[in-house]
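**Student:** If you scroll down you'll find the structure; I have some questions about it.
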Amino acid sequence: MTESMLIDPSARPSGPGCVGCLASGGWWLHLRRCAACGHVGCCNSSPSQHARRHAAETGHTVVASFEPGEIWFYDFDTDGFLDGPELEPPHHHPLDQPVPGPAGRVPSDWIRRLH
Ligand SMILES: [Zn+2]
Ligand SMILES: [Zn+2]
């Protein structure tokens, strides 16, 4: 895919949390936003690595951070960071959402469960 297909600035985030974790009852450390379609998934340190899985399944290999204060893009295909345009807000998950999240689903020994 060309970069213009991998980054669609008009695609809005799918929601405040990882789509896959919310569906399965899981939890995440940090969140990533698919730059092509807005799918919110969890990072490579999270137990389920849903952002990477979404990239593998769809070919949408570029993600943006969905964490407060972080502005960067990363390409799973090249394993490299890249610059990108400003995306549609919101640019991060709600500030009252805990890290790791979501509230109530994070096990007490979560640090030992990271990748
Ligand atoms: Zn997830
Ligand atoms: Zn996508």
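**Student:** Roughly to the nearest percent, how much of the accessible area of the chain is carbon and sulfur, given a 1.4 Å probe?
**Tutor:** 53
**Student:** Scaled to the compact-protein estimate 2.2 N^0.38 Å, what is the alpha-carbon radius of gyration of the chain, rounded to two decimal places?
**Tutor:** On the way: Rg = 13.3 Å, N = 115, 2.2 N^0.38 = 13.4 Å.
Against the compact-globule rule of thumb, the ratio is 1.00.
**Student:** Same structure again: Amide H neighbours of TRP28 under 5 Å, counting only residues 5+ apart in sequence or on other chains, H built in-plane at 1.01 Å?
**Tutor:** Close amide H contacts, sequence-distant or interchain: GLY101.
**Student:** Now for a different question. As an exercise, find the ratio Rg/Rh for the stretch 1-62 from alpha-carbon atoms, using the Kirkwood inverse-distance average for Rh.
**Tutor:** Over the Cα atoms of the stretch 1-62, Rg/Rh equals 0.97.
**Student:** Right, here's the next one. How large is Rg/Rh for the stretch 35-89, to two decimals, with Cα atoms and a Kirkwood Rh?
**Tutor:** Radius of gyration over Kirkwood radius for the stretch 35-89 works out to 0.92.
**Student:** Counting Lys and Arg as +1 and Asp and Glu as -1, each charge on the Cβ, what is the dipole of the chain about the Cα centre in debye, to the nearest 20? List each step's numbers first, then the result.
**Tutor:** Values: 8 positive and 13 negative charges, 118 e Å.
My answer is approximately 560 debye.
**Student:** What ranking do 69-76, 83-90 get when scored by the average of other Cβ atoms within 10 Å per residue, highest first?
**Tutor:** Averaged packing, sorted descending, gives the order 69-76, 83-90.
**Student:** Ranked highest first by average number of other Cβ atoms within 10 Å, how do 57-67, 92-102 line up?
**Tutor:** 57-67, 92-102
**Student:** Using alpha-carbon pairs under 8 Å, 6+ residues apart, how would you state the relative contact order of the chain in percent?
**Tutor:** 27
The values are calculated or read from the model by the stated rules, or taken from the named source; none is laboratory data. Everything numeric in this text was worked out from a predicted model, so none of it was measured. Positions of Cβ are backbone-derived with ideal geometry, glycine not excepted, and every protein chain shown enters the neighbour counts. Areas reflect the complete protein model, heavy atoms only, side chains present, ligands, DNA and RNA absent. Shrake-Rupley method; radii C 1.70, N 1.55, O 1.52, S 1.80 Å.
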